[in-house]
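Below is one structure, written out as structure tokens; comments come after it.
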Amino acid sequence: MHFSREQMAGAIFFVAVTQFILGLIISEALYPGYSVHDNYISDLGVGPSSLVFNASVVLLGVLSLVAVYFLRQNISLKMVNRFLFLMGLGAIGVGVFTKDFTLVHGAVSSMAFFFGGLSALVSFKVLKQPLSLVSIALGAITLGALALFSLGMWASGSMTSTEALDSGYYLGLGPGGIERMIVYPLLIWLAGFAGYLVTAQEL
């Protein structure tokens, strides 16, 4: 059976998202006392769950880059592809440069979040309604939560602390909760985008 490059990319993106979500769940379960409210997602990369989490996030990035390669000749997806490439590089960086590498880790995680959110926003140009509208909403949630997360880190002093400190900018969700409001909408969008690539007849 012959599959188009778009279908291959969609399948790879879907596998990337699925394995990361499962890896995240397993990592949280393996980390004693882990709090979705109080702990950063990246805490999973330096604790007892580090092997699972870091492998999962690196695989997310690597698979994203492979999928991007399959889409490289699709002119209509050129901008989305560029942002997804940068997101993939950022994801790999998160797994390689763990929370212990404070400045580098902050840079690569922000890179993954920001360009992932932009990918969702610009994809509305190629996606059909209502998925195009959903992609705008999910991208806006990711970027909005990223802004609140960044403001909260600055206001609470977390940028110079090894601990996750709470802030009013986190809307009562805590540092871990607001960070998940960055990541989960992005993952949901990427899964939807993957489905679009697999099923679309013409791109």
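The values are calculated or read from the model by the stated rules, or taken from the named source; none is laboratory data. No experiment lies behind these values; they were computed from the predicted model shown. Cβ atoms come from the backbone with ideal geometry, glycine included; neighbour counts cover every protein chain shown.
Brief remarks on what is shown
- Residues in segment 137-177 that are exposed (fewer than 14 other Cβ atoms within 10 Å of the Cβ), part of a loop (DSSP other than H, G, I, E, B) and not acidic (Asp, Glu): Gly157, Ser161, Thr162, Leu171, Gly172.
- Every residue from segment 10-34 that is under 14 Å from the mean Cα position of the chain (by Cα) and crowded, with 18+ Cβ neighbours inside 10 Å: Phe13, Phe14, Ala16, Val17, Phe20, Gly23, Leu24
- Between Ser119, Ser167, the distinction of being in contact with a helix residue (DSSP H, G or I) (Cβ under 7 Å, 6 or more places away or on another chain) and farther than 25 Å from Asn54 by Cα belongs to Ser167 only.
- Residues in segment 167-191 that are touching a Gly at 6+ places or on another chain (Cβ under 7 Å), without any contact (Cβ under 8 Å) to a residue 24 or more places away in the chain and not aromatic (Phe, Trp, Tyr): Ser167 alone.
- Single residue of Glu6, Glu28 found to be more than 20 Å from Val198 (Cβ to Cβ) and of a type in the set (D, E, K, R): Glu28
- Here Gly10, Gly106 are screened, and the one residue that is among the small types (Gly, Ala, Ser), under 22 Å from Gly139 (Cβ atoms) and at pLDDT below 95 is Gly106.
- Segment 109-130, subset out of contact with any Ser or Thr (no Cβ under 8 Å at 6 or more places or on another chain) and at pLDDT 90 or above, residue farthest from Gly45 (Cα to Cα): Pro130
- With respect to the stated conditions, Phe97 fails to be of a type outside the set (Lys, Arg), in contact with a helix residue (DSSP H, G or I) (Cβ under 7 Å, 6 or more places away or on another chain) and closer than 29 Å to Ile136 by Cα.
- Within this structure, Gln7 passes the test of being in contact (Cβ under 8 Å) with a residue 60 or more places away in the chain and surrounded by fewer than 19 Cβ atoms within 10 Å (Cβ to Cβ).
- Residue check for Leu146: in contact with a Gly (Cβ under 7 Å, 6 or more places away or on another chain) and either under 24 Å from Asp38 (Cβ atoms) or in contact (Cβ under 8 Å) with a residue 60 or more places away in the chain (or both): yes
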